[in-house]
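The structure appears below as structure tokens.
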Amino acid sequence: TVLGHEKEAQFYAQLSEEIKGAFNEEFVTPNGRLVANTQTAYTLALAFDMLDEETAVKSASFLAGDVEQFGHITTGFLGTPLISQTLTDIGRNDLSYLLLRRTRYPSWLYPVTMGATTIWERWDGQKPDSTFQDKGMNSFNHYAYGAIGKWMYEVVAGIGIDEKNPAYKHIIIHPRPGGGLTSAKATHQSMYGEIVSGWTLDGEKLTLEVEIPANTSATIHIPGEAINIDFNGSALVDMDLEYESEGGETIVSSGSGTFTIGTTFK
């Protein structure tokens, strides 16, 4: 569609629907349970939009329930890059943070407790008793599980891509604090200049620090109602900025600049 090949686009759109139908008929029960009752299976089905709206709600519940039951991640190379964002998308960002902050095996931080400074191929490349896994499959510098970084940039710090405006011509700033963290900050060197999104939480006072480079625009998602938001030292409601309220957030349209934003976060 983007390239203007409408005939091919229609063909593949139809094929996609047929594949989804076959997938659901073979692998999904009417109650939303997948034949492979695993975190990876639910994550992939939800992330790739393989389920209808009603079934997706049920499957999302199964995914969340599985994470709650285990209290840790059980995915491998296929599910790990997608599970955190999928949990966020189904409204369970609390579980994404639970997985991020866990320090016992299996987790991202368990290797750190064992002295790791790189991402391992296996969750337990070095076991709790300090012995090692089979050297035939035990890389200690193996990116696959490092895909959590994407979620940290886009959800924790909040620097997101607008697919309709490539290369950060329009920037999505949407930090979602949680997990007991009191601060986070990320930067990205785009072709237009440096993008910065950071926040600090002091009790219920949330302060966002945002930098949007020249010749770009941004949509900034701020927790709370507009009437309670301070934007560069002035009340947002008194400024000449477009904004709207949606889902407990205030969404502000802005141009380039450096912004300090204060709000209440509960």
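The values are calculated or read from the model by the stated rules, or taken from the named source; none is laboratory data. Being a predicted model, the structure only gives us computed values, none of them experimental. Neighbour counts are summed over all protein chains in view; Cβ atoms, including those assigned to glycine, are modelled from backbone coordinates with ideal geometry. For the accessible areas, the whole protein counts, side chains as well, though only heavy atoms, and no ligand, DNA or RNA atoms are used. Shrake-Rupley method; radii C 1.70, N 1.55, O 1.52, S 1.80 Å.
Where in segment 227-266 are the strands (runs of 3 or more DSSP E), entirely inside, with at least 3 residues that are β-branched (V, I, T)? Steps first, answer last, please.
Values: elements: 242-246, 249-254, 257-264.
Those strands (runs of 3 or more DSSP E) span 249-254, 257-264.
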Restricted to segment 216-248 and to residues being open to solvent by less than 60 Å² (accessible area, probe 1.4 Å) and of a type in the set (V, I, T), the residue nearest to H188 (Cα to Cα) is T216
What is the number of the single condition among (1) at pLDDT 95 or above; (2) out of contact with any His (no Cβ under 8 Å at 6 or more places or on another chain) that I251 does not meet? (2)
Residue hits (segment 197-217; in contact (Cβ under 8 Å) with a residue 24 or more places away in the chain and either in a loop (DSSP other than H, G, I, E, B) or more than 18 Å from T258 (Cβ to Cβ) (or both)) are L201, E204, K205, P213, A214, N215, T216
Residue pairs qualifying under the 6 Å Cβ cut-off, at least six apart or on distinct chains, with the first in segment 45-74 being touching a residue at least 24 places away in the same chain (Cβ under 8 Å) and the second being among the aromatic types (F, W, Y) and part of a helix (DSSP H, G or I), are M50/F23; S59/Y42; F62/Y42; L63/Y42
Mind listing whichever residues of segment 188-215 are surrounded by 14 or more Cβ atoms within 10 Å (Cβ to Cβ), more than 16 Å from H170 (Cβ to Cβ) and not hydrophobic (A, V, I, L, M, F, W, C)? G198, T200, T207, E209
For the list (1) surrounded by fewer than 20 Cβ atoms within 10 Å (Cβ to Cβ); (2) more than 18 Å from the chain's Cα centre (by Cα); (3) at negative phi, I need the number of the one condition that P111 fails. (1)
Flagged in segment 132-151 as under 18 Å from the mean Cα position of the chain (by Cα) and either more than 21 Å from I83 (Cβ to Cβ) or surrounded by fewer than 16 Cβ atoms within 10 Å (Cβ to Cβ) (or both), in numbering order, are Y143, A144, G146, G149, K150
